[in-house]
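The values are calculated or read from the model by the stated rules, or taken from the named source; none is laboratory data. Predicted model, so just to flag it, every value in this text is computed and none were measured. A quick note on method: Cβ atoms are made from the backbone with ideal geometry, for glycine too, and the neighbour counts reach across all protein chains shown.
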Ligand SMILES: [Zn+2]
């Protein structure tokens with residue numbers, strides 16, 4: 001109730017005060033007015049059932065086909081692209097097209113190399129380089145990245161997390177791992193993994209740009225439509241926390 005109302009009006013605090021806070025001092029009231037709202041604004045998940053389809057490791061030869069299917073079903077998705085692939089000129093048109101058709105493109109590092117990114121501490125420089133490449137191709141200014149192999153254990157280092165916060169980069173892991181890379185010869189397993197994992201109102205599904213996902217993508221889309229989900233696309237202006245480190249700064 002509180003959060004629902006809070007989305008639409010700035011006077012909701014009054015309602016909360018009247019119903020739950022009777023014997024507090026004015027000072028405490030003022031604090032309660034400010035802090036919960038501020039926090040919630042910074043991290044509010046969308047209302048209702050929303051699924052974010054996400055595709056990692058592109059751009060690739062398959063990007064255009066992913067875009068065709070998404071277009072056919074009139075839904076938007078979120079891509080996390082890798083620097084070395086963004087530097088491949090033959091993929092540039094697909095990258096531009098993705099942006100033009102309303103999809104979000106975030107960064108997925110230059111090297112995808114666990115040792116370089118996490119052990120050698122190159123996470124932030126590589127992500128900045130990747131985000132700059134996306135900007136150069138699309139004109140967008142993305143802030144969101146997905147850590148290769150996930151933020152746990154990769155970003156266990158506090159120093160790395162501080163660097164991310166200082167660079168104002170946002171980090172998204174996922175809520176469902178489709179394990180698509182394991183199911184090359186058995187794409188139906190991808191659908192099963194996703195169905196079994198779908199238990200929350202807001203889901204972020206990890207997939208990759210590969211042929212097995214392409215084969216079952218229409219089925220995945222149908223599943224979520226039948227379940228009453230809307231298809232969300234990441235928006236820098238409405239960021240919410242989705243990292244395994246549960247670091248509220250990104
Ligand atoms: Zn990856």
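Starting from residues that are crowded, with 20+ Cβ neighbours inside 10 Å and either touching a helix residue (DSSP H, G or I) at 6+ places or on another chain (Cβ under 8 Å) or not assigned by TED's automatic domain parsing to the domain that holds residue 215 (or both), keep the ones in the range 161-172 and report whichever is nearest to residue 116 (Cα to Cα).
164
Among what's in the range 47-62 and is away from the ligand (no atom under 15 Å from the Cβ) and under 13 Å from residue 103 (Cβ atoms), pick the residue that is surrounded by the most Cβ atoms within 10 Å (Cβ to Cβ).
So, considering only residues that are away from the ligand (no atom under 15 Å from the Cβ) and under 13 Å from residue 103 (Cβ atoms), the one surrounded by the most Cβ atoms within 10 Å (Cβ to Cβ) is 53.
Within the range 136-149, can you find the residues that are within 15 Å of the ligand (Cβ to nearest atom) and buried (at least 17 other Cβ atoms within 10 Å of the Cβ)?
Correct list: 144, 145, 146, 147, 148.
Which residues, taken from the range 96-106, are in a helix (DSSP H, G or I) and touching a strand residue (DSSP E or B) at 6+ places or on another chain (Cβ under 7 Å)?
The answer is 98, 99.
Restricting to the range 182-224, give me the number of residues that are surrounded by fewer than 15 Cβ atoms within 10 Å (Cβ to Cβ) and either in contact (Cβ under 8 Å) with a residue 60 or more places away in the chain or within 23 Å of residue 106 (Cβ to Cβ) (or both).
Residues that pass the stated criteria total 4.
Within the range 191-222, how many residues turn out to be away from the ligand (no atom under 16 Å from the Cβ) and in contact with a helix residue (DSSP H, G or I) (Cβ under 7 Å, 6 or more places away or on another chain)?
9
For the range 1-91, list the helices (runs of 4 or more DSSP H) that sit wholly inside it and hold at least 2 residues that are modelled with pLDDT under 95 and at negative phi; which are they?
So the answer is 2-8, 12-20, 26-43.
Let's see how each residue does on (1) over 26 Å from residue 153 (Cβ atoms); (2) away from the ligand (no atom under 16 Å from the Cβ); (3) modelled with pLDDT of 95 or more; (4) in the same structural domain as residue 56 (by TED's automatic domain parsing):
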{"site": "102", "(1), (2), (3), (4)": "yes, yes, yes, yes"}
{"site": "110", "(1), (2), (3), (4)": "no, no, yes, yes"}
{"site": "113", "(1), (2), (3), (4)": "no, no, yes, yes"}
{"site": "117", "(1), (2), (3), (4)": "no, no, yes, yes"}
{"site": "123", "(1), (2), (3), (4)": "no, no, yes, yes"}
{"site": "127", "(1), (2), (3), (4)": "no, no, yes, yes"}
{"site": "130", "(1), (2), (3), (4)": "no, no, yes, yes"}
{"site": "134", "(1), (2), (3), (4)": "yes, no, yes, yes"}
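Go through the range 232-250 and give me each residue that's under 15 Å from residue 175 (Cβ atoms) and surrounded by 13 or more Cβ atoms within 10 Å (Cβ to Cβ).
Correct list: 232, 234, 240, 241, 242, 243, 244, 245.
Which of the residues spanning the range 73-89 are out of contact with any strand residue (DSSP E or B) (no Cβ under 7 Å at 6 or more places or on another chain) and in contact (Cβ under 8 Å) with a residue 24 or more places away in the chain?
73, 83, 84, 86, 87, 88
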